[in-house]
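A.B. asks: My questions all concern the structure below.
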Amino acid sequence: MLVTCCCRMKKQLTELKSLQNDALIARDYAKEELVAREKTIYAERRARDTEIQGVRRQADEKRQQQEQYQRRIVRLCRCAGV
């Protein structure tokens, strides 16, 4: 009976070690996947931020041009006496 109990415990221990190993592999895989996704998200965010900065710069330039045109029109109208 003691031998049977000992064999059963060894079998359970082997199963538990296998389960632990599988859990560690799953954990490591999940960590790697998380790191990869974080890198992707960071790179995408950086690309979007760069694009947004470019669009904002263009908008500012166009706004400044529009203001210059408006000032010229106002000056021309004043000079022409309109």
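Values in this text are rule-based calculations from the coordinates and carry no lab data. All values reported here derive from a predicted model rather than from experimental measurement. Every residue, glycine as well, gets a Cβ built from its backbone with ideal geometry; the counts of neighbours run over all protein chains shown.
A.B. asks: Please give, to one decimal in nm, the separation of the simple spin-label points placed at ASP22 and ARG45, each 7 Å out from Cα toward the Cβ.
C.D. replies: 3.6 nm
A.B. asks: What is the angle, in °, between the Cα long axis of helix 2-80 and the longest principal axis of the Cα atoms in the chain? Nearest 10 is fine, range 0 to 90.
C.D. replies: It is inclined by approximately 0 degrees.
A.B. asks: Let me ask something else. When N is the residue count of the range 34-76, what does its C-alpha Rg come to as a fraction of 2.2 N^0.38 Å?
C.D. replies: Cα Rg divided by the expected 2.2 N^0.38 Å: 2.02.
A.B. asks: Sticking with this structure for a sec: How much net charge surrounds GLU33 when only the other residues with a Cβ under 14 Å from the Cβ of GLU33 are counted, with Lys and Arg +1 and Asp and Glu -1?
C.D. replies: Values: positive: ARG27, LYS31, ARG37, LYS39; negative: ASP28, GLU32, GLU38.
For residues surrounding GLU33, the net value is +1.
A.B. asks: Over all alpha-carbon pairs of the chain, lay out the pair-distance distribution in 10 Å bins, whole %, shortest bin first.
C.D. replies: Histogram of Cα-Cα distances, whole percents per bin: 14, 15, 12, 12, 11, 9, 8, 7, 5, 4, 2, 1.
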